[in-house]
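**Q** The structure's right below; bear with me while I get my questions together.
The values are calculated or read from the model by the stated rules, or taken from the named source; none is laboratory data. Please read these numbers as outputs of a predicted model, since none were measured by experiment. Here the Cβ positions follow ideal geometry from the backbone for every residue, glycine too, while neighbour counts run over all protein chains shown.
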Amino acid sequence: MFLDSKGSYNNTHFPLLQKTDLQPLTDQTTNVLFRNRASSQIMHRRRMQVVSNWQYYLPEFTGGRHEFKVSFDNGYTPEDVDVTRIDNVNVSFRSLPTRTPTTVQIFNTPLHQERAVMSTRSTRRTRTASKG
């Protein structure tokens with residue numbers, strides 16, 4: 001008989017930060033973003049996992065050999081994301097033929113998102129070989 005079980009935990013902090021405190025400015029003629037990226041995203045990702053395998057072997061039972069295998073795998077991955085924007089505004093302009101504003105987007109930040117994924121898998125297998 002053989003039993004193998006494992007547990008793991010991983011915690012990742014992944015920030016994508018704006019470089020300055022200037023709001024972004026996009027030229028729609030050239031599609032160039034000036035000054036800054038559009039938002040900051042600060043992500044906290046975690047992963048908890050449990051894996052277990054059980055195997056049992058009978059070399060001679062009821063005229064043959066038998067193998068029994070059972071496995072279980074469970075993973076849980078929660079994530080928190082905080083999104084912020086400078087001044088809650090994105091401004092776009094067209095540089096040619098004139099420098100005129102074309103679009104203004106207004107946002108409501110900060111935004112906090114929580115999401116999670118749960119995955120579970122289990123298998124069971126029996127193999128029998130008769131003596132011949």
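**Q** Any idea which of 63, 75, 7 is over 32 Å from the mean Cα position of the chain (by Cα), closer than 29 Å to residue 126 by Cα and in contact (Cβ under 8 Å) with a residue 12 or more places away in the chain?
**A** 63
**Q** So which of 35, 46, 65 ends up being within 30 Å of residue 16 (Cβ to Cβ), at pLDDT below 90, touching a Ser or Thr at 6+ places or on another chain (Cβ under 9 Å) and surrounded by 11 or more Cβ atoms within 10 Å (Cβ to Cβ)?
**A** Answer to the check: 35.
**Q** Which residues, taken from the range 81-124, are hydrophobic (A, V, I, L, M, F, W, C), outside any loop (DSSP other than H, G, I, E, B) and either out of contact with any Lys or Arg (no Cβ under 7 Å at 6 or more places or on another chain) or without any contact (Cβ under 8 Å) to a residue 60 or more places away in the chain (or both)?
**A** Selection gives 81, 83, 89, 91, 104, 106, 111, 116, 117, 118.
**Q** Restricting to the range 1-32, give me the number of residues that are in a strand (DSSP E or B) and surrounded by 13 or more Cβ atoms within 10 Å (Cβ to Cβ).
**A** 3
**Q** If I filter the range 3-10 for residues that are closer than 30 Å to residue 128 by Cβ, touching a strand residue (DSSP E or B) at 6+ places or on another chain (Cβ under 9 Å), of a type in the set (S, T, N, Q) and modelled with pLDDT of 85 or more, do I get at least one hit?
**A** yes
**Q** In this structure, does residue 97 turn out to be more than 30 Å from residue 50 (Cα to Cα) and modelled with pLDDT of 80 or more?
**A** no
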